[in-house]
1. Given Ala58, Ala23, Ala63, Ala32, which one is among the small types (Gly, Ala, Ser) and within 22 Å of Gln130 (Cα to Cα)?
2. So the check is Cβ under 8 Å with 6+ separation or different chains; which pairs have a first residue in region 18-47 that's in a helix (DSSP H, G or I) and a second one that's among the small types (Gly, Ala, Ser)?
3. Against the definition (modelled with pLDDT of 75 or more, out of contact with any helix residue (DSSP H, G or I) (no Cβ under 7 Å at 6 or more places or on another chain), surrounded by 10 or more Cβ atoms within 10 Å (Cβ to Cβ) and of a type outside the set (S, T, N, Q)), how does Ala63 come out, yes or no?
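The values are calculated or read from the model by the stated rules, or taken from the named source; none is laboratory data. Note that the structure is a prediction, hence the values are computed from the model and not measured. All Cβ positions, even for glycine, are placed from backbone atoms using ideal geometry, and neighbour counts span all protein chains on display.
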Amino acid sequence: MIRWMYPMKLKGFTLVEVLVVLAILAVMAGAAVPIYTGQIERSYQNEPYTYLNILYTAQKIYALNNGGAFWDGGSNPPVATINTNLNTDLASPVYYTITSVGTAISEMSRTVGSTTTTFTMTYATGQITQT
């Protein structure tokens, strides 16, 4: 008789409440995907700057380890030495060409598909420009 006087209250969520929450989550996910895609594109655009800064640092490390001497301007820089010194792998799905001018690396070309972009570094200042 006591149960009849105090009916049991049901606890839980209704189907409508669950659907509203799922709809809100779907809208939030839909807004996040373009933002995420934009961040990925920006990281690809900044990749050459990162690699040139790595090479700039590697040249300084190489010079410190070799009495101030840089790589011979007429030969390719020892990329294996760069990877060892910096614990970095310069492998990438895009193709990079490194050019030494004078006594230091000063230029890097990035080829994606049929498009080649050249990035030039002023070694004295470490400034990178896209040409």
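1. Ala58
2. Qualifying pairs under 8 Å: Glu47/Ser92.
3. Against the criterion (modelled with pLDDT of 75 or more, out of contact with any helix residue (DSSP H, G or I) (no Cβ under 7 Å at 6 or more places or on another chain), surrounded by 10 or more Cβ atoms within 10 Å (Cβ to Cβ) and of a type outside the set (S, T, N, Q)), Ala63 does not qualify.
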